[in-house]
1. In Å, the Kirkwood hydrodynamic radius of the range B:1-83 over pairs of distinct alpha carbons?
2. Just order D:124-134, D:302-312, C:78-88 by mean Cβ neighbour count inside 10 Å, highest at the front, would you?
3. How well do other chains shield peptide C:152-158, expressed as the mean number of their Cβ atoms within 10 Å of each residue Cβ?
4. Given a cut-off of 37 Å, what percent of all Cα-Cα pairs of chain D lie beyond it?
5. Across 5 Å bins from 0, what is the distribution of all Cα-Cα pair distances for the range D:226-286, in whole percents?
6. Please report the orientation-averaged projected area of chain C, defined via the convex hull of its C-alpha atoms, in nm².
7. From the Cα gyration tensor of the range D:276-357, with a ≥ b ≥ c the square roots of its eigenvalues, which class applies: rounded if a/c is under 1.5, or else prolate if a/b is larger than b/c, or else oblate?
8. When the helices in chain A are scored as -39500 (n - 2.57) per DSSP H run of 4 or longer and the sum is shared across all residues, what 222 nm value do you end up with, to the nearest 500 deg cm²/dmol?
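All of the numbers you see were taken from the coordinates with simple rules; none came from a lab. All values reported here derive from a predicted model rather than from experimental measurement. A quick note on method: Cβ atoms are made from the backbone with ideal geometry, for glycine too, and the neighbour counts reach across all protein chains shown.
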């Protein structure tokens, strides 16, 4: 946090404009980690495919966690899978973001009541930035989720700590 | 070029106090920096082009939002990669892991030293230029094996092993197919190879259709050699259908699996630098390098005829399929054709800048590589080896003999003294 | 062949080992003694008149009662003769249900038996690779048993819903 | 001379890997590139379908059957509805039967499109995948018209359908069928006849018919092995006996019968057959009739049990239901086709290279949702 923090006093024009450039780059290049778990993965694939084309926004699928910025948790997280998700999240390089796609990843979804093997929400094991509701969310919803994440990234400050 | 540059600097007032040696060193470093900038820009542009080309082939749009038509997309990507965490896995070999990507980049970067971009524009005009480029670009494999091994990841290891086998095998068809051209021209100097392809002659020497004297049109054997070179070179730079070292659906990301951030960006940089080297080498050895096909009157006539034919074909067949895209290229081509047909002098002027021509030729080859990548499935390891050792190698060998026979038939060499 | 004919064939061949036949069910089945499962299955597969070459499904179930708590039903189908049959076994012993594997006859049974173990705790003797299939090996309890009580935590992760 | 023997390496493929079609994990024992043993580890998507079946009422199970095989929701719901209807002896209106078949066959095309595209992706061809998804989107549009959802529809209800089809659906369906016939030829050009594709898939992962039957492999994988078995023909359920269509059987045109190429080609040809069935069904579709007329007010099947089977895009889908006379199933077991289809992977995949194992896995067309349930 704040690698130039003590070099300058307070927010100044260099830090803020550098921040802007960095955030512009980060928000416009959200490479997502292909992390298909269940039904939502099909919608994720459909979003990346011809009609919806996620690549328009600079989002590119990566299959190795090391090269991804965003982990899209798409689908039901089971207890058997949970530790693997944690591991994969740890393997990602900072700055990293998590989008929880679909009701199952948000809260267990339809498996909430009797699902003895379903984790009730992926936020129990990894920090989640954006929740996308829906079972499964439509491709438009996923795109909206990515846009919201862009907004979130643009408000970040990686060089100076916010005054508040 | 370095010497010329250095002596120019010495003549230049403000720098005249420099001695010859410092001036040469300065010139060298400036050229190196220029090449490095070229390599970086090359990757930025090619990644963008590749994403767009793939998108259009896949009925998508590709990057759209960042900058006009998404042109700044790769800039954003590069910046982001620079700022990402650089992970070195705990059980990785720390030195090799760090050094590997740099060696790969260095190998592809240094190869540009002998590439002639234009008449007189060659960083190092060496007599063994072709040999140098071919040998230095295979140093890449050392970097790949290093980084694959150092990652301490099984997928990376597989990628590295496959890559080692592949690049070493495909060196041979690459060398033999280039040798066919060398046999004709009799030199390894790239500038001389280009110079020998000047002018316009008959297609395949005997068929009375005017064609540029490029080696790909020189004889059927050299045409074949060009095809072999393109196939083998595609394998050399690890692109589909020969991308088994990083095959995404099999090995996650092959030897790059454990790399993140800037080091991974280096792989990208070198991948596209390699593609550029291959494309440029194809252009130089088989497509006449910076030679323009319209450099003289006959050439201009040839060019005009072929362009007119192309434009007609394009208009008739393609325009009805791709409505929006075709108007501008056709318009440009037609306009150029008409103007050049009326004013041959203009055509010759159009033909002069070698840099433009080598860029066009290289671009066409790179587009071919992309076309391969987005349409073909991937070969298996053993099929890849089979193709190299049992198909390309014998053909290349016979082809080399064929070139000799051809030269004897056309009188370029004679058996008695 | 209809199910009733197959049943009569079986009862003449095996006598007491075939306990009963439920012909009025939508999918008729025969109940057999669980000790005889392997020989009866082997007969069903090999007999020229029956030729049951594929085991379509193997499902465990828990009747929940004390008399016939656990059971397994095998649904057989003959590709060549296009007829089917179902065989059911029941276990009196709820604590330690044991059955001989039919893995060597039908490879389908391989995973299905493991699943039945996973869900109901029915052990199959002679199975080459016998452990849980869907759940992790350290899972406690057999979730589809009627008396299964959901654990609070698994490896530190909360299972139960938050009220 | 002693053969050089290297130490075997255990390679974990998955549960997160680009070509395991979800969260499957394969433990590969490899000697260099050669895989000597494959042990699939499943259960990473075990969502307790059967437990849910025992705790919720009959009509509420349909959404869960949809989610089991999320690529073939319509077929799954159809199979489940048929099982309960048979248990309760419900007679369906003609229109419902026809509409169900239309949707089931559309779903089959959509599912095969994903299978074909993903198989292309597995052997390294990326573009066909995008083409397949483009066509799939058109089918999803039709589904969306009818049910309002893109992927999981809850459209086939016990005793009927959730809604009738909207006006304009039939015309749209015809439009799609006309368009789709041309597209199949496009796949032939880009994949089926591609030399590299044939090299990669022909003669690879041959599954002999006896192995397939012994492992309980069903569906296109079984038919590719040369066994002419299709439940729609062998034991026609619903109204499949009214339609003319051919059962596509693998012939080994490019290699041996039962290789990956056959499994791929059977799917491509089956899409054409499905389109044929849809055309007939659309022509015969009765214009009158309420799709909800047979839906019971309270679903309480009598005491008893049933094993009902239907042909899913992946093979035989069986539902085993024990009813104790209440409104909740006492036991609900789903015999999922991909579960059995996957179990054969060691038999046909051992001895091949890593790349082949991926191609074989792709050609089996598994959906983890129904393997793990």
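1. On the way: mean 1/r = 0.0645 Å⁻¹.
Every distinct Cα pair counted, the radius reaches 15.5 Å.
2. Working: D:124-134: 23.5, D:302-312: 21.1, C:78-88: 18.3.
Those peptides, ordered most packed to least, come out D:124-134, D:302-312, C:78-88.
3. On the way: counts 0, 1, 6, 4, 4, 9, 5.
Average neighbour count from other chains, rounded to a whole number: 4.
4. Working: 13494 of 69378 pairs.
When all Cα pairs of chain D are counted, 19 percent exceed 37 Å.
5. Pairs per bin, as whole percents: 4, 18, 23, 22, 15, 10, 5, 2, 1.
6. On the way: hull surface 44.4 nm².
For chain C, averaging the hull's shadow over all directions gives 11.1 nm².
7. Taking the square roots of the gyration eigenvalues as a ≥ b ≥ c, the range D:276-357 is oblate.
8. Details: 5 runs with 60 residues, N = 164.
Theoretical 222 nm ellipticity from helices: -11500 deg cm²/dmol.
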